[in-house]
Amino acid sequence: MCGRIDAHDPVGVNSLVSVLDLVIPEDRFPPRYNIAPTQYVAAIRNDAEGQPEFASLKWGLVPFWAKDRSIGNRMINARAETVAEKPAYRAAYRHRRCLVLADGFYEWQKADSGKIPWFMNAPSGEPFAMAGLWESWQADGDEPLETCTILTTEAGSSLARIHHRMAVVLGSEGVQQWLDPNMDEGQLPLLADEARRVPLEAIRVSRQVNNPENEGPDLLRAAENQASA
């Protein structure tokens, strides 16, 4: 599962997306350290001509056929194993894939003392992209609402003791493959398997992140003062 996102490094993100010949203006990437579901995330998708573009998408996918946008509140994650068949995701999987950009994500471990928050990131500190799907939904007379979900898979060995699911984190080749409109549908299991082998470290953080109103780099400094997994 992926329950919160940290995305604060526009320079690192631009290095990441350089393989797509894309540059994201820094004023479109405000630093965020505690992005919660129903808030907006930084994403890359293909435009109408099939070229990568930056997009700000509301986290929590609302299928185009939904009667009520509130369905998105419980569709923040989608299981990679079933997106090709699930009615809520299958059209987006075939036609509207995206990358959700992050410096890391938070997950909560169950414990007798309550849920313990951990921050998952690359040991290098470099940003990464997570496989996502996006949709456009519109009520009568309203502006279109563009939303997304993040794909998850079984957690790799380094994270499994914290939570049994993790985001599908993509390497540089996976970033290109995921946005390729001609990607074979059978490629997703391979990308999910690769995600389980991506080296991520888990750092225990303060329960300050439990409150989505708490923001800023102090959340990460608190992480640096804790023992890593």
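The values are calculated or read from the model by the stated rules, or taken from the named source; none is laboratory data. Note that the structure is predicted; figures quoted are calculated from it, not measured. Cβ coordinates were reconstructed from backbone atoms using ideal geometry, including for glycine residues, and neighbour counts include every protein chain displayed. Heads up: the accessible areas ignore ligands, DNA and RNA and are worked out on the full protein's heavy atoms, side chains in. Shrake-Rupley method; radii C 1.70, N 1.55, O 1.52, S 1.80 Å.
Structure values in brief
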| read-out | value |
| --- | --- |
| Theoretical gain in end-to-end length, Arg90 to Glu185 [0.36 nm per residue, Cα-Cα removed] | 33.1 nm |
| Rh (Kirkwood; distinct C-alpha pairs) - the chain, Å | 17.7 Å |
| With DNA, RNA and ligands ignored, accessible area of Glu173 (1.4 Å probe; Å², nearest 10) | 130 Å² |
| R0 of 22 Å, Cβ-Cβ distance Ser15-Glu154: FRET efficiency to nearest 0.05 | 0.15 |
| Choice from Val169, Val41, Val11 with maximal GNM fluctuation in the chain (Cα, 10 Å cutoff) | Val11 |
| Theoretical FRET efficiency, 1/(1+(r/R0)^6), r = Cβ-Cβ of Asp27 and Asp47, R0 25 Å, to 0.05 | 0.80 |
| Reachable aspartates and glutamates, given that their alpha-carbon falls under 17 Å from the alpha-carbon of Lys86 and they are not under 8 places away in the same chain | Glu135, Glu185 |
| Inter-centroid distance (Cα atoms) of the stretch 194-223 relative to the stretch 1-34, Å | 16 Å |
| Computed lengthening from Ser136 to Asn210, 0.36 nm per intervening residue step minus Cα-Cα distance | 23.7 nm |
| Label zone at Gln39 (point 7 Å along Cα-to-Cβ), backbone N below 13 Å, the stretch 1-27 | 3-8 |
| GNM result for the chain, Cα springs below 10 Å: residue of Pro63, Pro212, Pro123 fluctuating most strongly | Pro123 |
| Lys/Arg +1, Asp/Glu -1 at C-beta; the chain dipole; positive extreme among Gly156, Ala43, Trp134 | Gly156 |
| Solvent-accessible area per residue for the stretch 81-204 (1.4 angstrom probe, square angstrom) | 45 Å² |
| Share of carbon and sulfur in the accessible heavy-atom surface of the stretch 7-70 [1.4 Å probe, %] | 51 percent |
| Helical contribution to [θ] at 222 nm, DSSP H n ≥ 4, -39,500 (n - 2.57), averaged over the chain, rounded to 500 | -4500 deg cm²/dmol |
